[in-house]
1. Restricted to segment 106-119, and to residues that are within 24 Å of residue 184 (Cα to Cα) and modelled with pLDDT of 90 or more, which residue is surrounded by the most Cβ atoms within 10 Å (Cβ to Cβ)?
2. Tell me yes or no: at least one residue of segment 46-61 is modelled with pLDDT of 90 or more and either touching a helix residue (DSSP H, G or I) at 6+ places or on another chain (Cβ under 7 Å) or part of a helix (DSSP H, G or I) (or both).
3. Here is a list: 118, 137, 107. Which entry is within 13 Å of the chain's Cα centre (by Cα) and assigned by TED's automatic domain parsing to the domain that holds residue 35?
4. Suppose the filter is surrounded by 13 or more Cβ atoms within 10 Å (Cβ to Cβ), among the aliphatic types (A, V, I, L, M) and at pLDDT 90 or above; does residue 165 pass it?
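The values are calculated or read from the model by the stated rules, or taken from the named source; none is laboratory data. Keep in mind it's a predicted model, so treat the numbers as computed, not measured. Because the Cβ atoms are built from the backbone with ideal geometry, glycine has one as well, and the counts that use them run over all protein chains shown.
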Amino acid sequence: WGRSEWRFTSNIYTVNANIQRLVENTLDPAHTEFVHPVMGFRGEKEEYRLDDLELVETAWGCSSKTRSVDTPNAVGSVKREVQGGSAKTETNTGHFGPNATYTCIHFSPKAWSHQYAFVTPIDQYTSRRFFIQGRNFALDATADDRMNTRTWDIIEQDRVVIEKILPVLTPSRASEEVIVPADQVIIRYREFLADWASRGWLIDYDAIMAAGSGKAFSIPSPARRNSKGWALETTPMVASPSIGDVAAE
């Protein structure tokens, strides 16, 4: 941020989907091939395979590194950087905590796009996403509109899928979904969620709804441990996992 060799744009939008579904869509390394025509081969390349994923662990999350087949459909500045060669698109996608994600896409050794997203839940079925995208090519401000047009196209391609996923909430067990090898980073993310929920960090949405519109709650904070007399009760939390208990069986 603030470096002359990078240019950033941002997008804010709302999706009619649960926050976990949005995060998992970002983490899914296989969905690009089927959802995003400009970034994948649209199922036309029968020999297309994801390379073995390298799972990278951190204290607050994990990521998956991939090195795909030839960079598809390179256009504009990316096409000039690839220069007609058979460059490989390298990606590293992961999460930090329950709602922040990052995706580093290297279309070629010179053309990179680094993306950061922060998803906030409005309720169980609606989420707002704050998206920041940095690029080290097409650095002139006049390219922002063109880049944003592509970004909005990709956002809408994801939306079409995410808003129709059933069940709306992630199943409590992996056996209730079709899990493939490319989903290992998603499974690990759910394990992180289960651990954080077991520490009492998961909001009890059902309890909030049961309290009705005449009740307001405050966000938990360290200051509440040191003083009394707060007018608002702390947001109710779930003491044991109700999501993410989905480690591969």
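1. 119
2. Looking through segment 46-61, at least one residue is modelled with pLDDT of 90 or more and either touching a helix residue (DSSP H, G or I) at 6+ places or on another chain (Cβ under 7 Å) or part of a helix (DSSP H, G or I) (or both).
3. 118 is the lone residue from the list that is within 13 Å of the chain's Cα centre (by Cα) and assigned by TED's automatic domain parsing to the domain that holds residue 35.
4. yes
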